[in-house]
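The structure appears right after this line, and notes come after that.
The values are calculated or read from the model by the stated rules, or taken from the named source; none is laboratory data. Only a predicted model underlies this, so the values are computations on that prediction, with no experimental measurement involved. Ideal geometry is used to build each Cβ from the backbone, glycine not excepted, and the neighbour counts take in all protein chains shown. Heavy atoms of the whole protein, side chains included, go into the accessibility calculation; ligands, DNA and RNA do not. Shrake-Rupley method; radii C 1.70, N 1.55, O 1.52, S 1.80 Å.
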Amino acid sequence: MNKIGVIFDLDGVIVDTAKYHFLAWKDLADHLGFEFTEAHNELLKGVSRVRSLEILLDIGKVKLTDEKKQEFLISKNEHYLQYINKMGPEEILPGATELLDNLDKLGIQYVLGSASKNAPLILKQVNLYDRFVGIVDGNSVSKAKPDPEVFLIGAKKLKLKPEHCVVFEDAIAGVEAANRANMISIGIGDKNTLSEADFNFNNLTEIPGDFFTKVISEKIFVK
C-alpha cells in the first residue's frame, strides 16, 4: 500500500475553521459598512487570504488602496488567530482521527495541502501536527487552488507520482486542483456542489473500511 499517498485539505475536512474565518471576515465587513452572510462565506472556500479579501470587497462594492488592503489583511488574521488559539482536539471533525488511524495501519503516508497560512498552528492546536509526513500550506505556494501547485508539491513530499495520490477536499476549487493534478479526488460535502470529484461522501465517517485496499487500489493500478 506504500504506492498510494493521501493529501488532505484542512478546513472542512480535518477541522472546521470556516466558522472562524466567517466571524473574522464578518467583523471586517461590519466595519466597512456592509452585510457579509454565511452564503457569501462559501465563495471564500479554498481560496487564498488575498483573494478572499478581493471577493469580500467586491460583495460590498468597496474600493481600497493597496496599503489599506494590507492593513485589513493583517487585522483580519489577528482576529482569526484569536479564535484558533482557543482550538483543541475536540474540534477535529467526525471520522478524521479514525481515517488517519486506518491509514497508519495500512502504511499509507499522508500530507496536508491547504491554502491556509495558519495550517501548522491549527494542526498543533488539535494535536495532529506530528502525524503528517509533510505540510504544504499558503506559505509554500505561489498559486492558489484551482491551480494544482499545492497538490503537486504534496506528491513530491510523498515521493509519489501524482496519479498515485488521493486528495480529500471540500471545496470546488480544491477538487478542480486535484483533477488538474491527475490525482483521485474525494469530495467531502454536498455531492451536487462537488460533482466533479471522483468520489463523494458527506463526511469522513462514510469512508468504507476497504476504501483504500479495494476501491482506490483498483482505480489506481487498473489504469
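Overview of values
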| read-out | value |
| --- | --- |
| Cα→Cβ-extended label distance, 7 Å offset, between Asp147 and Asp66, nm | 1.8 |
| Contour minus Cα-Cα distance for Lys3 and Lys124 (0.36 nm per residue) | 40.8 nm |
| Value of [θ]222 nm, deg cm²/dmol, for the chain, DSSP H segments ≥ 4, -39500 (n - 2.57) each, nearest 500 | -12500 deg cm²/dmol |
| The stretch 146-207, dipole about Cα centre (Lys/Arg Cβ +1, Asp/Glu Cβ -1), debye to the nearest 20 | 380 |
| For the chain, accessible area per residue (1.4 Å probe, heavy atoms of protein chains only), Å² | 49 |
| FRET efficiency, 1/(1 + (r/R0)^6) with R0 22 Å, evaluated for Asp27 and Asp58 via beta carbons | 0.75 |
| Residues whose placed amide H lies under 5 Å from that of Asp170, excluding near-sequence neighbours | Ile188 |
| Farthest positive-ward along the chain dipole, Cα basis, beta-carbon charges - from Thr65, Asn182, Tyr83 | Asn182 |
| Computed over the stretch 1-69, Cα set: Rg, Dmax in Å | 15.3, 54 |
| Degrees between helix 18-32 axis and first principal axis of the chain (Cα, 0 to 90, nearest 10) | 20 |
| Dimensionless Rg ratio for the chain, taking C-alpha atoms and the 2.2 N^0.38 Å reference | 1.02 |
| Under the Karplus curve 6.51 cos²θ - 1.76 cosθ + 1.60, θ = phi - 60°, whole-Hz ³J(HN,Hα) for the stretch 89-106, x wherever Gly or Pro sits | x, 5, 8, 5, 5, x, x, 5, 4, 5, 5, 4, 4, 5, 5, 4, 4, 7 |
| Scaled radius of gyration (Cα, divided by 2.2 N^0.38 Å) that the stretch 101-191 gives | 1.03 |
| Rg/Rg_ref, the stretch 59-137, where Rg_ref = 2.2 N^0.38 Å and atoms are Cα | 1.44 |
| Calculated FRET efficiency for the pair Leu73/Asp101, C-beta based, R₀ 35 Å, to 0.05 | 0.40 |
| Candidates per GluC sites (Glu not before Pro) in the stretch 131-223, loop by DSSP, up to 13 other Cβ within 10 Å | Glu196 |
| Asn200 long-range amide H proximity, modeled H, under 5 Å | Gly187 |
| In sequence order, calculated HN-Hα J values of the stretch 161-178 (Karplus, 6.51, -1.76, 1.60; Hz; x Gly/Pro) | 5, x, 5, 9, 10, 10, 10, 9, 9, 10, 10, 4, 4, x, 4, 4, 4, 4 |
| Value in Å of the Kirkwood radius, where the stretch 10-119 supplies the Cα pairs that are averaged | 15.4 |
| Exceeding the 25 Å Cα-Cα cut-off - candidates Lys19/Lys76; Lys68/Lys124; Lys3/Lys191 | Lys68/Lys124; Lys3/Lys191 |
| Space enclosed by the convex hull of the alpha-carbon atoms of the stretch 177-223, per residue, Å³ | 72 |
| Using θ = phi - 60° and Karplus 6.51 cos²θ - 1.76 cosθ + 1.60, couplings along the stretch 138-149 (whole Hz; Gly, Pro as x) | x, 7, 9, 10, 10, 10, 7, 4, x, 4, x, 3 |
| Residues with amide H under 5 Å from that of Lys117, placed H, sequence gap 5 or more | Gly138 |
